[in-house]
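See below for the structure under consideration.
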Amino acid sequence: MLLLQDDMKLPRISLLSQVSAAHLVSHLHIMALPALLPLLPNQMGVGFVELGLALSVFNIVSALVQAPLGFAVDRFGARRMLTFGLLLGSSSFLSLGVLPTYGWLLVAMGLAGFANGIYHPADYSMLSGGIDERRMGRAFSVHTFAGYAGAAIAPAMLLGIAAWQGDTRLAFAAAGLAGFVAIALLWLPSRLSAAAGAGPRKQTSAAKPRSSAVKVFTPAVFALTFLFVLLSLSGGSIQNFSVSALLSGYDIPLAIANGGLTAFLFASAFGVLSGGALADRTAHHGTVAAVALAAAGMLIATIPIFGVHGYLLVAILGMAGFLFGIIAPSRDMLVRAAAPPGAEGRVFGIVSTGFNIGGAVGPVLFGWLLDSGRPEGIFWSAVAFMLFTVLISLLQERRTPKARIAAEAAAVR
């Protein structure tokens, strides 16, 4: 009774706020190394290829462990696993404040990649178990927005700390400390949390999914996995390497280059919310994604063509980011349309590995472009990957069964 009374004295926050805070920190951690990338070659004495390799380590580890960690979430409970992920990821970045060497950077990014593999399985498990079904769509939208917001605040926050301190150690430590704040919030009493993180749910034999009866490795699923690879490459080129490209190839001041990246990331976050509303009003999700990406690619192309600078550069990157964010809900609806009934979770898990594949390949490619004196290649690469994604989005809409499009259109009406 005393424990219950003590628990009741603690402030109660919504489950969505807790999970969204963890998601914000996970994206802050994803962007920690890219945000500090312009400063690290001088401080660590390495080139962009070596730093790109560190980003690849993060994504390779995350890709390898994500599926097994999904089973661990079901076995040990989402809240416990999410706490472990936050603790491991935060400790990894804190350690870089003490050991800011390239060798340890590779180790720390591997540990952070392991932690990153926990977040999505645990987040979606907690939301699915503790949020009212009628609010699930909006809850997922807010959850995604929080992740984009975490990425958006990283450049200004971490570069500001690094500039104040004179090196990157305190900036890495600050990224780590943010995770401990999220852990504290995660263990406050929450509303609608009785079913969340309580451990694995029991299933009757009739309720157990029969994986052998459902074919999930279809051409459409493989195409969507490739689409996720391309999205990772096009977004990663801007998020991770645009500031370094602008500094080295266009003589853009760091404040303006960082402002452009921040505009891209913040606008992407708000684009997600707008894209969610748009996705609820149309059944033609491939067309929405294609139009938004084509427009974003045209905007990005103006940077190497016209050499834009100053506040116009910030505005262009902001508009491109908004369009890039719009596609996220439509992208997810394409995955849903390609999934057999009852197999949405498995299909989404398969196609999401495309993000990690792109995240492993892209940094080495983009680092080579910078080290080879081709900064304009960062922007042309983004444009090329976006155009390939446009084609796949349109093809996927053609693959979607007409009956499913008609049903979604009727639901919209």
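The values are calculated or read from the model by the stated rules, or taken from the named source; none is laboratory data. A quick note: this is a predicted structure, and the numbers were derived from the prediction, not measured. Glycine gets a Cβ as well: all are built from the backbone with ideal geometry, and neighbour counts include every protein chain shown.
Annotation for the range 89-101: no member residue is within 19 Å of the chain's Cα centre (by Cα), surrounded by fewer than 18 Cβ atoms within 10 Å (Cβ to Cβ) and in contact (Cβ under 8 Å) with a residue 60 or more places away in the chain.
For Asp123, the requirement of being modelled with pLDDT under 90, within 19 Å of Gln43 (Cα to Cα) and outside the structural domain of Ile357 (by TED's automatic domain parsing) is not met. Being assigned to a helix (DSSP H, G or I) and either of a type in the set (Lys, Arg) or more than 27 Å from Pro155 (Cβ to Cβ) (or both) holds for only one residue in Ala245, Ala223, Ala292, and it is Ala223.
Only one entry in Thr287, Thr282 is surrounded by fewer than 18 Cβ atoms within 10 Å (Cβ to Cβ), in a helix (DSSP H, G or I), more than 19 Å from the chain's Cα centre (by Cα) and of a type in the set (Val, Ile, Thr), namely Thr287.
Having 1 or more residues that are modelled with pLDDT of 80 or more and either surrounded by 17 or more Cβ atoms within 10 Å (Cβ to Cβ) or charged (D, E, K, R) (or both) is the bar; report the helices (runs of 4 or more DSSP H) wholly within the range 303-413 that clear it.
Details: elements: 310-338, 344-371, 376-399, 402-412.
Per the criteria, 310-338, 344-371, 376-399.
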